[in-house]
Amino acid sequence: AQAREKRIELRFEIPPKLPVVQADRDKMIMAVHNLIGNALKYTLEGGRVVVRTEADKGELSIEVVDTGIGIGPDDLQCIFDKFYRAQDKRIDGVTGSGLGLALAREIVRLHGGDITVESQLDHGSTFTMTLPVDAGATATALA
């Protein structure tokens, strides 16, 4: 609904089969939901958000790539800190507690993975969540 309201192209690039990840499903959904929600929140009308999943070398990675406002170098160092909100005038009207990214990263780290970010002001951001996989097991992707 959020993508439709802002006329943001929301695309999922998920292969038909993915390896099994031993994790708390609800917590993982919360972490991914946070990354996608933030991408939609900070992407301007008419932009694009792509969620890409792939498995390689014993890891499952989920990338959330947006064409949003981006994050400045000074803010990049702090965005995973609890209650941190970027010091960017363009987000003054955007609501949030500053807890979402801290919580998402903590959830993923408790599962043996991590979340990283690359961003450039006015060009967008890429958040990458990586998780260890259960070698030898596969499951059908839910699209």
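The values are calculated or read from the model by the stated rules, or taken from the named source; none is laboratory data. Bear in mind that the values here come from a model prediction, so they are computed numbers and not experimental data. Virtual Cβ from ideal backbone geometry, glycine too; neighbours counted across all protein chains shown. Please note that ligands, DNA and RNA were not included when accessible areas were found on the heavy atoms of the full protein model with its side chains. Shrake-Rupley method; radii C 1.70, N 1.55, O 1.52, S 1.80 Å.
Of all residue pairs spaced 6 or more apart or on separate chains, those with beta-carbon atoms under 6 Å, a first member in region 13-41 that is closer than 21 Å to LEU99 by Cβ and a second member that is polar (S, T, N, Q) are LEU40/GLN2.
Of the residues making up region 56-70, those that are touching a strand residue (DSSP E or B) at 6+ places or on another chain (Cβ under 6 Å) and open to solvent by less than 30 Å² (accessible area, probe 1.4 Å) number 7. Filtering region 112-129 to residues that are surrounded by fewer than 18 Cβ atoms within 10 Å (Cβ to Cβ) and out of contact with any Pro (no Cβ under 7 Å at 6 or more places or on another chain) leaves ASP114, THR116, VAL117, GLU118, GLN120, LEU121, ASP122, HIS123, THR126, THR128.
Identification of helices (runs of 4 or more DSSP H) wholly contained in region 1-89 with 1 or more residues that are more than 17 Å from the chain's Cα centre (by Cα) yields 2-5, 73-76. In the set (1) touching a residue at least 60 places away in the same chain (Cβ under 8 Å); (2) open to solvent by 40 Å² or more (accessible area, probe 1.4 Å), LEU44 fails one condition alone, (1).
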